Amino acid sequence: MPHPAPGPGDPEDPRLAEVVDAVRSSRRYQSVAPETVRRLATSALVASRGDLAEAVKRTKRGLHEI
């Protein structure tokens, strides 16, 4: 039986890596621990229903609140 495609909350979702890379490429967030960015990006990707631009915004907003 084939495995289902990874969804927004799945750690293997390639969109999650895209969100993490986009946030970490910003000078402001380069020094933030990658696991922190990944944790916030995972929940942001689910909340944004897979919309990458919205997930990046939500992740940055979450990091700003820390």
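Selection of the stretch 22-56 for residues being among the basic types (Lys, Arg) and either in contact (Cβ under 8 Å) with a residue 40 or more places away in the chain or loosely packed, with under 15 Cβ neighbours inside 10 Å (or both) yields Arg27, Arg28, Arg39, Arg49.
For the stretch 2-66, which fully contained helices (runs of 4 or more DSSP H) count at least 3 residues that are at pLDDT 95 or above and of a type in the set (Val, Ile, Thr)?
Helices (runs of 4 or more DSSP H) meeting the threshold: 14-24, 34-47.
Could you grab me the full set of residues in the stretch 57-66 that are loosely packed, with under 12 Cβ neighbours inside 10 Å and of a type in the set (A, V, I, L, M, F, W, C)? If the condition is that a residue be loosely packed, with under 12 Cβ neighbours inside 10 Å and of a type in the set (A, V, I, L, M, F, W, C), then Ile66 is the only one that fits.
Is it the case that some residue within the stretch 44-55 is in contact with a Ser or Thr (Cβ under 7 Å, 6 or more places away or on another chain) and of a type in the set (D, E, K, R)? Checking the stretch 44-55: at least one residue is in contact with a Ser or Thr (Cβ under 7 Å, 6 or more places away or on another chain) and of a type in the set (D, E, K, R).
The values are calculated or read from the model by the stated rules, or taken from the named source; none is laboratory data. In this text the structure is predicted, and so the values were computed from the model without any measurement. Every residue, glycine as well, gets a Cβ built from its backbone with ideal geometry; the counts of neighbours run over all protein chains shown.
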